[in-house]
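Read through the structure below, which is laid out as structure tokens, and then see the notes.
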Amino acid sequence: MLSSLRAATQRADQASNEPMKGSPMSLTTRFLSLAGILILAGTFAFAQPSLAVGQHATAFPPVGLGSTETAEVILFNSAPNPTTGPAASCAGSVTFTNAGGTTIGTPGPFTAASGQIVTVRLAFGSAAASGARTEIRASIQTTVPTTNPRPACSLQTGFSTFDTVSGATHVYLQGPSLVSFRD
């Protein structure tokens, strides 16, 4: 009985590994490809941040902040004002976190009209650091309006640290273009 089961399994394996007519991929290869895609899709679906409906989020990588520095997120709304409908506008908030993931300072709300540059800053004194240097991270949450028609929003972002006294920039990270929505 065991030998007949092995023989049946071998025949099934041979049949499944033979290419299908008109297709260079075997049935086993197709199954494994589909299984891999489903596993990846499931991983990405569950790895999304928890946000309220109508919000988008992104975060910058961590940077070091020294005792004489200020951190700054720069937001630019590049969406033009339409000829009809509401004026272009992006709104949301910027949150700074420490190396432990705890929010530091007060989240800074922002609204940027068409062509406007807005900054949200965190001085070293608000970073709750115990030494002369700390690592921080900045994240941006944008609010997508539920009104119809929606105002145009196309946000370009950057994250920098600069010397508080001289104003000299020490670090600049270009962020992604975050949101681009219109009705």
Could you please find all residues in region 84-101 being closer than 30 Å to Arg133 by Cα and assigned to a strand (DSSP E or B)?
Gly92, Ser93, Val94, Thr95, Phe96, Thr97, Asn98
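Does Asn148 satisfy the condition of being under 18 Å from Gly66 (Cα atoms) and not small (Gly, Ala, Ser)? I'd like the intermediate steps shown before the answer.
Values: under 18 Å from Gly66 (Cα atoms): no; not small (Gly, Ala, Ser): yes.
Here the answer is no, as Asn148 does not meet what is asked.
Residues Thr142, Thr134, Thr119: which one is within 24 Å of Ala88 (Cα to Cα), assigned to a strand (DSSP E or B) and at pLDDT 95 or above?
Working: Thr142 fails: at pLDDT 95 or above; Thr134 fails: within 24 Å of Ala88 (Cα to Cα).
Among Thr142, Thr134, Thr119, only Thr119 is within 24 Å of Ala88 (Cα to Cα), assigned to a strand (DSSP E or B) and at pLDDT 95 or above.
Each row is one residue, and each column tells you yes or no for (1) in contact with a Cys (Cβ under 9 Å, 6 or more places away or on another chain); (2) in the same structural domain as Ser89 (by TED's automatic domain parsing); (3) farther than 26 Å from Gln55 by Cα; (4) in contact (Cβ under 8 Å) with a residue 40 or more places away in the chain.
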| site | (1), (2), (3), (4) |
| --- | --- |
| Thr106 | no, yes, no, no |
| Phe110 | yes, yes, no, no |
| Val120 | no, yes, no, yes |
| Ala132 | no, yes, yes, yes |
| Asn148 | no, yes, no, no |
| Ser154 | yes, yes, no, yes |
| Gly158 | no, yes, no, yes |
| Ser166 | no, yes, yes, no |
| Val171 | no, yes, yes, yes |
Residue list for region 145-158, restricted to those being part of a strand (DSSP E or B) and in contact with a Ser or Thr (Cβ under 6 Å, 6 or more places away or on another chain)
Ser154, Gln156
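Could you say whether any residue in region 123-139 is crowded, with 17+ Cβ neighbours inside 10 Å and polar (S, T, N, Q)?
The initial filter retains those residues of region 123-139 that are crowded, with 17+ Cβ neighbours inside 10 Å, namely 124, 127, 129, 134, 136-139.
Subsequent filtering for residues that are polar (S, T, N, Q) retains 134, 139.
Yes, region 123-139 contains at least one residue that is crowded, with 17+ Cβ neighbours inside 10 Å and polar (S, T, N, Q).
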Can you confirm whether Ala71 is in contact (Cβ under 8 Å) with a residue 40 or more places away in the chain, assigned to a strand (DSSP E or B) and not acidic (Asp, Glu)?
yes
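The values are calculated or read from the model by the stated rules, or taken from the named source; none is laboratory data. Bear in mind the structure is a predicted one, so any value in this text is a computation, not a measurement. No Cβ is skipped: glycine too gets one built from the backbone with ideal geometry, and neighbour counts run over all protein chains shown.
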